[in-house]
Amino acid sequence: MSPTEPGYGLDVLAFGPHPDDVELFCGGLLARMGDLGYRTGIIDLTRGEKSSRGTPETRAAETEAASRVLGLSLRENLGLPDGWVSPWSGFDAPEEERTRNAPVTRVVEVLRRLRPELVLVPWEQERHPDHEATSALVTRALFFASVRRFETEPPSAPFTPRQVLYYPLRHLAEPSVIVDVTAAFDRKMAAIRCYASQVEPRPDGPQTLVGSPLSLSSIEARDRFYGAHIGVAHGEPYVVRETLGLADPIDHFRRNSFARPLFFPHRR
């Protein structure tokens, strides 16, 4: 691992709509990056207070336990209202109030303060409205974080991360890259299981998607499926919106050599 370049702070920062979303869909990458010596963090936008199961206090304790399993350097919660995440919230407020409280301004402040080299954002297509709204909100904030005259409180310098990866949740987006998370898969699942109030099947409780009997096995099947695309046991898919460049293709493929894949992407 090369030292973090001047201008960057945290190495990897993932944004999640609710506590447990990041663990479910990119927990393997965060655990693996921690193993390699990188500093990782998560920003949860809400406390998941509208969840059909558990309480905010239970969820907070589960989040703390999962963070320890992943070996995070940092975790923060913005406390936005669960069910009401919006990329446009606060834009009709007076300028001074927008500078302090608008959700997009708060995400800009986080980005400029933590200065992450790699940012993980939910993919734009999702079944949960808060998930789609989080994607749009963080995408807007990533743009405005680089705008010098976009004001935050306290004032902060413009910032642009090196790279942004979008992680699919329930929608199966075609990945730009797949990260080998085989070595970290068991800890990813251990972190997910910390959220017992959410993921453990309970016949006597409300039926939810994440708490269904097949929920955890579907996550494992998903990671095995994407792992088979690159010839490994477990993989996580990520989407890159822009075209990636390679300065040295030989060096890149030497350092990222995988067995022959078992599945091939669909190309029209």
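The values are calculated or read from the model by the stated rules, or taken from the named source; none is laboratory data. Bear in mind the structure is a predicted one, so any value in this text is a computation, not a measurement. Methodologically, a virtual Cβ is constructed for each residue, glycine included, from the backbone with ideal geometry; neighbour enumeration extends over all protein chains shown.
When region 210-237 is filtered for residues that are without any contact (Cβ under 8 Å) to a residue 24 or more places away in the chain and closer than 18 Å to Gly16 by Cβ, the ones remaining, listed by number, are Ser215, Arg222. Only residues that are modelled with pLDDT under 90, of a type in the set (Ser, Thr, Tyr) and not in a loop (DSSP other than H, G, I, E, B) were counted across region 69-107, and they come to 1. Considering only region 246-266, I want to know if a residue exists there that is closer than 27 Å to Ile42 by Cβ, within 19 Å of the chain's Cα centre (by Cα) and without any contact (Cβ under 8 Å) to a residue 40 or more places away in the chain. No, region 246-266 has no match at all. Of the residues that sit in region 23-64 and are under 29 Å from Thr182 (Cβ atoms) and of a type in the set (Ser, Thr, Tyr), which one is surrounded by the most Cβ atoms within 10 Å (Cβ to Cβ)? By that ranking, first place goes to Thr40. Given the criteria closer than 26 Å to Pro17 by Cβ, out of contact with any helix residue (DSSP H, G or I) (no Cβ under 9 Å at 6 or more places or on another chain) and of a type in the set (Val, Ile, Thr), does Val240 qualify? For Val240, the condition - closer than 26 Å to Pro17 by Cβ, out of contact with any helix residue (DSSP H, G or I) (no Cβ under 9 Å at 6 or more places or on another chain) and of a type in the set (Val, Ile, Thr) - is met.
Restricting to region 158-177, name every residue that is more than 20 Å from Ile42 (Cα to Cα) and outside any loop (DSSP other than H, G, I, E, B). The one that is more than 20 Å from Ile42 (Cα to Cα) and outside any loop (DSSP other than H, G, I, E, B): Val177.
Listed here are the residues, each with its yes/no results for (1) crowded, with 16+ Cβ neighbours inside 10 Å; (2) of a type in the set (A, V, I, L, M); (3) closer than 27 Å to Gly7 by Cβ; (4) touching a helix residue (DSSP H, G or I) at 6+ places or on another chain (Cβ under 9 Å).
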position	(1), (2), (3), (4)
Ser67	yes, no, yes, yes
Leu70	yes, yes, yes, yes
Trp84	no, no, no, yes
Val104	yes, yes, yes, yes
Leu111	yes, yes, yes, yes
Leu114	yes, yes, yes, no
Pro122	yes, no, yes, yes
Leu137	yes, yes, yes, yes
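The residue that is modelled with the lowest pLDDT, counting only those in region 116-130 that are over 15 Å from Asp44 (Cα atoms) and not in a loop (DSSP other than H, G, I, E, B), is Pro129.
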